[in-house]
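The structure appears below as structure tokens.
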Amino acid sequence: MINSHETTTTVPQCTLTHISEKLKSLVIESEKEAGEQRILDSLQFTSMTLRRSKIAEAHKNTFSWIFDSASSSHAPSSFQSWLTDGTGVYWVAGKAGSGKSTLMKYLYHHRETRRLLLPWAGRTKLVIAGFFFWNAGAGKQHSQEGLFQSLLFEVLRQCPGLIQPVCLSRWTRQKAALNEPWTRQELVETFERLIRHSVDDTKFCIFIDGLDEYSGDHQELVNLLKSVFVFQENFGGDKFTHLLLEDLTRNDIKLFIREKLEDNVSFQNLEQKDPRCRDLVEEIVNKAQGVFLWVMLVVRSLLKGLTNADRIADLQRRLREFPQELEPYFKHMLDQIEDIYQEESAQLFYVALSADEPHTLATYMFIIDDEHYQDAMIRNDAPIHFLSVDEIEVRFEVTKKRLNARCLDLLEIQEVTDSKVAEDMYGCYIVDFLHKSVRDFLLKSNIRNLLASRVKPDFRVGKALCSSFVHQTKLRPERNTSFVGRDPLEELWGKIVHHELELETEIGETTFEALEQLDAISNMIYSKQTLGDGVMFVDPSAYLAQRPFLENAIRKKLYVYAADKLHEDPGSIERCRKQVLLDLVLLRCPPPSPHSSQIPVIVGLLLDNGAKLFEEAGHRAEGENPLKPPHPFANTPWNRFAFFMEKHHDEVKQETLVTWFEVVKMIILRDSIHSEIVNIPTAPSYLALSEAFHKIFSPNNASRLNEILEKYTSTRLRMDTKKWNFLRWFLWR
């Protein structure tokens, strides 16, 4: 046993001070890192790397010549020299389908690229960034905003120390700017600061692919990036700073052909019997003119022939009758579609053309087989059904065959490798164009006219997609009864809203039945019902479950649906916050569109069903309707709407003023009108309505409103002196 005396240890003051300073330093550093991450998060957008991920990987052993200094071509050595000690632009040109994007992806990711750049960077920091334009994608995938935002994200992620000085405005107001989108001007100014701050200690190598798919000011890009090029006349004159891809891929093409054909047992047997098979490979190479896509299509045709036991003469005929150019081949494929499938084929091409990113195979499955599921499920009372994995796999196989019969090789099915997407069985496969040149071909005016002649005049892509997405919410894969960090219903809801809004805005139509089905699902989740055996499908905190469906629809400006819903089922408003809905409709006047006329209708229906113009709207989520009239005016829907009109009337289009006119006229004529509307709140006082009308509306409409107001007040209001004196006392001057 050891005896010890209790002792007291005194920590020197200098040590405590040191610990305190160290903790403060750690807190400051932690806050700095959090601030840097917030700015990076604000730059990142979901489709930033989508195009790059969709580009096919280079075929085995192809493009290796670009790093081979012993190559007989001058291009590899010039490219290596440019990486090692060059400046300015290196331009990669080539025909459509020659593999330019595949080469750019290969170079961007290859470790040899970085190794060769290191001598050029010397002692400075080397940063490699890239952007791949895509005109078939969402706006940022082919715009200046997308380019600058992506490059800033890529560079600042590698150089976090530059975030604060380069993004100074955002840094000083981080929380306030957290949800603010980056404007084009802000991005350009930030990029200019990036160049100035890093010119001495950082070297940048920027890969930009697909400039022909870019929409924006090319000259500005040239001035800012110093490395943007568009036409051969501008940048292709110096043979040491560019390469023409189709001049350099002959061996790659030969390697691809031989590997694909020689892996085929039928070709191996045929080659042993007939030496002309070797000549066939050479003939393909000579006819290809460097276009990899053409080679792939020819080889696919030859493999099909070998499956049919074609002789060498048959294979030669296949090759020699194959269109030399891609567009005649695409047209040939369209003409080969059987008459019985041509209407559906055109519809499916329209669906593919509508996509910012490829739709899933499940989306096409429900479009092609709509009648089967419509009868069996959409009209069924139960909100959600589960399909077994086996049943979905069978349906997928059927859909693949139907797609192939209707679209031949112009659309292809690709397996998704992203585990976050593939965890939902409906996301396991996507359907995309064979090549981006197919999309460009289908967008040509003569081909669009051909497709239009094959579909019925009332066909709407948005309706077909909404129906499919609703099917996907009702018929769920059996194994996916819960998700971690990803709610497929919320994603589908977003897609439905997007296409519904397009339908309402462009043609004033809605898919009422489809949205009613979504309403049933929303109601089930909102009330936290289960799907049998006590299993919840999604977390009830999910977006759809936070509010009644009608409220969500109005928040998303689905006004045609909302008006139809309120007409069909006035009781649906009882579960909503009526004041908030009225506030939303009045202050979220849409841009001019066919559905603008629904706003006065909805305002009237809301008032008929208990919404009040002159009561506070109550609680609002953060960021909702921040506009408030100046104190001390009541924060009611009418005061906010009136203040909004008075403040912004000279900024909106004439069509919006017409909508406002109809809303105000309807409000004046309602039986529930209050004396408060005799004045409009301004800063710092009320403005008489008669004066406000002449300030906001055209002379003719202002006079009409004043006539209605005068007639109404003379017959109904007849305010007593006591009430009028109170109103005057309330004015703030």
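Tabulated data for the structure shown
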| item | result |
| --- | --- |
| Residue in segment 695-704 that is part of a helix (DSSP H, G or I), at pLDDT below 80, over 43 Å from the mean Cα position of the chain (by Cα) and of a type outside the set (D, E, K, R) present | no |
| Pairs where the first residue, in segment 623-652, is on the phi > 0 side of the Ramachandran plot and the second is modelled with pLDDT under 55, C-beta under 9 Å, 6+ apart | none |
| Residues that are loosely packed, with under 15 Cβ neighbours inside 10 Å and of a type in the set (D, E, K, R), drawn from segment 137-173 | ARG173 |
| Residue in segment 59-70 that is at pLDDT 85 or above, β-branched (Val, Ile, Thr), over 30 Å from VAL166 (Cα atoms) and in a helix (DSSP H, G or I) present | yes |
| Test set (1) farther than 26 Å from LEU605 by Cβ; (2) at pLDDT below 85; (3) out of contact with any Lys or Arg (no Cβ under 7 Å at 6 or more places or on another chain) - SER685 fails condition number | (3) |
| Qualifying residue in segment 397-416 (condition: at pLDDT below 90, part of a helix (DSSP H, G or I) and in the same structural domain as GLN472 (by TED's automatic domain parsing)) | no |
| Test result for ALA93, at pLDDT 80 or above and surrounded by fewer than 19 Cβ atoms within 10 Å (Cβ to Cβ) | yes |
| Residue check, TYR373 part of a helix (DSSP H, G or I), at pLDDT below 85 and not charged (D, E, K, R) | yes |
| Segment 32-59: number of residues that are under 14 Å from GLY99 (Cα atoms) and in contact with a helix residue (DSSP H, G or I) (Cβ under 8 Å, 6 or more places away or on another chain) | 6 |
| Answer residue from segment 590-602, given it is surrounded by 22 or more Cβ atoms within 10 Å (Cβ to Cβ) and within 29 Å of the chain's Cα centre (by Cα) and is modelled with the lowest pLDDT among those | HIS595 |
| The listed residue being among the acidic types (Asp, Glu) and modelled with pLDDT of 80 or more, out of ASP650, ASP671 | ASP650 |
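Residue-by-condition table, conditions (1) within 25 Å of MET48 (Cβ to Cβ); (2) outside the structural domain of ILE39 (by TED's automatic domain parsing); (3) in contact with a Leu (Cβ under 8 Å, 6 or more places away or on another chain):
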| position | (1), (2), (3) |
| --- | --- |
| GLY88 | no, no, no |
| SER101 | yes, no, no |
| ARG111 | yes, no, no |
| LEU117 | yes, no, yes |
| LEU126 | yes, no, yes |
| ASN135 | yes, no, no |
| ALA138 | yes, no, no |
| GLN149 | yes, no, yes |
| PHE153 | yes, no, yes |
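The values are calculated or read from the model by the stated rules, or taken from the named source; none is laboratory data. Values in this document were obtained by computation on a predicted structure and should not be read as measured data. Note that we place each Cβ from the backbone using ideal geometry, even for glycine, and neighbour counts take in every protein chain shown.
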